[in-house]
Amino acid sequence: MKIQTIIAATCAAFAFSMAGPIYDSEAQTVTKNFEAAIPNIPGKSVLALEVDYAPGAASPSHTHAKSAFIYAYVISGAIESKVNDGETRIYRAGESWSEPPGATHSISRNASKTEPAKLLAVFVLDTNDNPLTTPVK
């Protein structure tokens, strides 16, 4: 399955590779952690991405794929996030949230200017729905 994504506005569309980072910059690194078709739900897939944020790094505003339900889990550090019209929150290691299909993510950044942060984003979506995220213009 080929899925394209843009995690930050500075990213261009790209195809996932089989191993290693799929997007790398001074601000963040995005690496595919897991990908599979869901065998008992035809046409649906699950994709897990690890997002490593450098201290102070942020992703510009973006929307998510129309079919993508997202579960986000902070592995380390702290992530500041705002989804749709919800409140702006800081999530710390061990905390999580979800995002509905087609969500707008207006804030997504490392809450620390001195420490790195890592996020696991798990997408459940239509197998051919891409790109996963698109910058808000």
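Below is a table of values for the structure above.
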item	result
Separation of the residue 115 and residue 136 label points, Cα + 7 Å toward Cβ, nm	2.8 nm
Computed label-point distance, nm, for sites residue 104 and residue 66 using a 7 Å Cα→Cβ extension	1.7 nm
Most to least accessible of 95, 50 (protein chains only, probe 1.4 Å)	95, 50
From phi via Karplus (6.51, -1.76, 1.60), per-residue ³J(HN,Hα) for the stretch 71-86 in Hz, x at Gly/Pro	10, 10, 9, 7, 7, 8, x, 9, 10, 9, 9, 9, 10, 6, 9, x
Rough spin-label spacing in nm, given labels placed 7 Å along Cα→Cβ, for residue 75 and residue 92	2.0 nm
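The values are calculated or read from the model by the stated rules, or taken from the named source; none is laboratory data. Computed from a predicted model, the values in this text were never measured in an experiment. Counting neighbours? That spans all protein chains shown, and the Cβs are built from the backbone with ideal geometry, glycine included. Please note that ligands, DNA and RNA were not included when accessible areas were found on the heavy atoms of the full protein model with its side chains. Shrake-Rupley method; radii C 1.70, N 1.55, O 1.52, S 1.80 Å.
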